[in-house]
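The values are calculated or read from the model by the stated rules, or taken from the named source; none is laboratory data. What you see is a predicted model, and the numbers here were worked out from it, not measured in a lab. Note that we place each Cβ from the backbone using ideal geometry, even for glycine, and neighbour counts take in every protein chain shown.
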Amino acid sequence: MIKCIFLFSLLILVSLSSQLHDPENSNPSPSPAHAELTNYGFPIGLLPSSVQTYTLNETSGVFAVDLGGACKITLPPDNYLATYSKKVRGKIVQGRIAELEGIRVWAFFKWWSLTGIRSSGDDLVFEVGMVTAKYPSSNFDETHDCEGKHSSS
């Protein structure tokens, strides 16, 4: 009887283990840079999934994210094309990213550089100089792969 219980338990563990490691059944865990975004009140989808490394000066809030190469993503909800430079830099504090460099968005037949992002309740306010656009934060709850690249998991 004990052998049957042991075998049954082992079968359940093996079954659960294969489901947990199946890429179709699980999302990869976010990088430390993505986790850091949530610490400051932002969703992880502001950065693509290709984050290689990041640095953050916790005193000044100055950060740099290395994506391993330039990256192109189509952003929700209006399908704006965004390009990320190999390195994205800025200054982050609770609810605000300022002095942003390395992200550009194609809108109204022109490339616009994002200069800042603010968290405003359930919305994110994207800044392009003095011009702003507001979108629901929930549109950025998931991180995206760079277009034309496949994840290496």
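For this structure, a couple of remarks:
- Counted residues, region 107-130 - those being modelled with pLDDT under 90 and in contact with a Phe, Trp or Tyr (Cβ under 9 Å, 6 or more places away or on another chain): 2
- Hey, VAL51 in a strand (DSSP E or B) and without any contact (Cβ under 8 Å) to a residue 60 or more places away in the chain or not: no
- Filter result for GLN94 (exposed (fewer than 14 other Cβ atoms within 10 Å of the Cβ), touching an Asp or Glu at 6+ places or on another chain (Cβ under 8 Å) and of a type outside the set (D, E, K, R)): no
- Per-region count, region 97-118, residues in contact with an Asp or Glu (Cβ under 6 Å, 6 or more places away or on another chain) and under 19 Å from THR59 (Cβ atoms): 0
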